[in-house]
Amino acid sequence: GQSLEQPSEVTAVEGAIVQMNCTYQTSGFYGLSWYQQHDGGAPTFLSYNALDGLEETGRFSSFLSRSDSYGYLLLQELQMKDSASYFCAVSSKGYSTLTFGKGTMLLVSP
Amino acid sequence: NAGVTQTPKFRILKIGQSMTLQCTQDMNHNYMYWYRQDPGMGLKLIYYSVGAGITDKGEVPNGYNVSRSTTEDFPLRLELAAPSQTSVYFCASSYQGNSGNTIYFGEGSWLTVV
């Protein structure tokens, strides 16, 4: 089977940098995705890593280490609007769909 | 662009009633999905479809049925509603399923069973 672990909550202040971790267990790993969900809203795609290393998109960066079955999402220059839940999701051989983690709730304070 | 559209937005059902959540997408995506999300929890896959005429069970299919007669539409049927089905339901679609292709979600349907 597949499983993902994420911390349930992370707090940070405006302007800071925050890292949200994700560890996974699966066979036939293809890639790791990240989605953002504001309270009451639809999840939206942030990034995807298939290879080891860092992918940067503006203030958001996502990292993957396939050997460690580990990834993280890094948010820089935090803004209040970044307060949301962040889900990692794994795609694997033999599974036709993504499997989502339970998500990390990020609370940004002034 | 409309993207993924699901209706209704909110619904209250009585125990034992049935209903259909409608979902349509205008992106010509092959894959469509139904997820449920309980408070403070992640997304659990109910059913998915890889194309018209093909559906398959996800993690939590019991109490639900789906059909995929067209590429655009993927309705979710709840038979004999139970309080355990109180949840937020998200329909979604993607071009492919098992890759970095973005999954696009609808705005959600809040269902309460009393």
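The values are calculated or read from the model by the stated rules, or taken from the named source; none is laboratory data. Note that this is a predicted model, so its numbers are computed, not measured. Note: ideal-geometry Cβ built from the backbone for every residue, glycine included; neighbour counts use all protein chains shown.
Kindly evaluate A:G31 against the criterion of being of a type outside the set (K, R), touching a Gly at 6+ places or on another chain (Cβ under 8 Å), within 11 Å of chain B (Cβ to nearest Cβ) and in a strand (DSSP E or B).
Values: of a type outside the set (K, R): yes; touching a Gly at 6+ places or on another chain (Cβ under 8 Å): yes; within 11 Å of chain B (Cβ to nearest Cβ): yes; in a strand (DSSP E or B): yes.
So A:G31 fits the description; yes.
Only residues that are among the charged types (D, E, K, R) and exposed (fewer than 15 other Cβ atoms within 10 Å of the Cβ): list them for segment B:39-58, please.
So in segment B:39-58, the residues among the charged types (D, E, K, R) come out as B:44, B:56-57.
Result: B:D56, B:K57.
Could you tell me how many of the residues in segment A:89-110 are polar (S, T, N, Q), in contact with a Phe, Trp or Tyr (Cβ under 6 Å, 6 or more places away or on another chain) and not in a strand (DSSP E or B)?
Taking segment A:89-110 as the starting set, the residues that turn out to be polar (S, T, N, Q) are A:91-92, A:96-97, A:99, A:104, A:109.
Okay, now just the ones that are also in contact with a Phe, Trp or Tyr (Cβ under 6 Å, 6 or more places away or on another chain), so A:91-92, A:97, A:104.
Filter once more, so that each one left must be not in a strand (DSSP E or B): A:97.
Final tally of qualifying residues: 1.
Restricting attention to segment B:19-30, report how many residues are in a strand (DSSP E or B) and more than 29 Å from A:S8 (Cβ to Cβ).
Looking only at that region, the number is 6.
Quick one: how many residues across segment B:94-114 are in contact with a strand residue (DSSP E or B) (Cβ under 6 Å, 6 or more places away or on another chain), at pLDDT below 95 and either under 19 Å from B:G3 (Cα atoms) or more than 9 Å from every other protein chain (Cβ to nearest Cβ) (or both)?
7
Quick check on my filter: what residues within segment A:47-88 are touching a residue at least 40 places away in the same chain (Cβ under 8 Å), out of contact with any Gly (no Cβ under 7 Å at 6 or more places or on another chain) and part of a strand (DSSP E or B)?
Within segment A:47-88, A:Y70, A:G71, A:Y72, A:L73, A:L74, A:L75, A:A84 meet the criteria.
If B:I46 satisfies every condition in (1) modelled with pLDDT of 95 or more; (2) more than 18 Å from A:A89 (Cβ to Cβ) but one, which is the exception?
Unmet condition: (2).
Does B:R36 fit the bill of being out of contact with any Cys (no Cβ under 9 Å at 6 or more places or on another chain), surrounded by 15 or more Cβ atoms within 10 Å (Cβ to Cβ), farther than 25 Å from A:S33 by Cα and not polar (S, T, N, Q)?
Judged against the criteria, B:R36 is not a match.
Give me a count of the residues in segment A:66-85 that are touching a Cys at 6+ places or on another chain (Cβ under 9 Å) and surrounded by 22 or more Cβ atoms within 10 Å (Cβ to Cβ).
Selection size over segment A:66-85: 2.
If I ask for residues that are assigned to a loop (DSSP other than H, G, I, E, B) and either away from chain A (no Cβ under 14 Å) or free of Cβ contacts under 8 Å to residues at least 12 places away in the same chain (or both), which ones from segment B:44-67 would you list?
Answer for segment B:44-67, where residues must be assigned to a loop (DSSP other than H, G, I, E, B) and either away from chain A (no Cβ under 14 Å) or free of Cβ contacts under 8 Å to residues at least 12 places away in the same chain (or both): B:A52, B:G53, B:N62, B:G63, B:S67.
So A:F63 fits all but one of (1) of a type in the set (F, W, Y); (2) crowded, with 19+ Cβ neighbours inside 10 Å; (3) under 23 Å from B:Q37 (Cα atoms); what number is the exception?
The one condition A:F63 does not meet is (3).
Within segment A:93-110, track down each residue that is under 21 Å from B:E59 (Cα atoms), more than 7 Å from chain B (Cβ to nearest Cβ) and surrounded by fewer than 20 Cβ atoms within 10 Å (Cβ to Cβ).
Matches in segment A:93-110: A:K93, A:G94.
Suppose we filter A:A42, A:A50 for residues that are more than 10 Å from the chain's Cα centre (by Cα), of a type outside the set (V, I, T) and surrounded by 17 or more Cβ atoms within 10 Å (Cβ to Cβ); which single one remains?
Result of the check over A:A42, A:A50: A:A42.
Does A:S65 qualify as being of a type outside the set (A, V, I, L, M, F, W, C), more than 10 Å from every other protein chain (Cβ to nearest Cβ) and farther than 13 Å from A:M20 by Cα?
Criteria met by A:S65.
How many residues are surrounded by fewer than 17 Cβ atoms within 10 Å (Cβ to Cβ) and assigned to a strand (DSSP E or B) when one looks only at segment B:1-18?
Number satisfying all stated conditions: 4.
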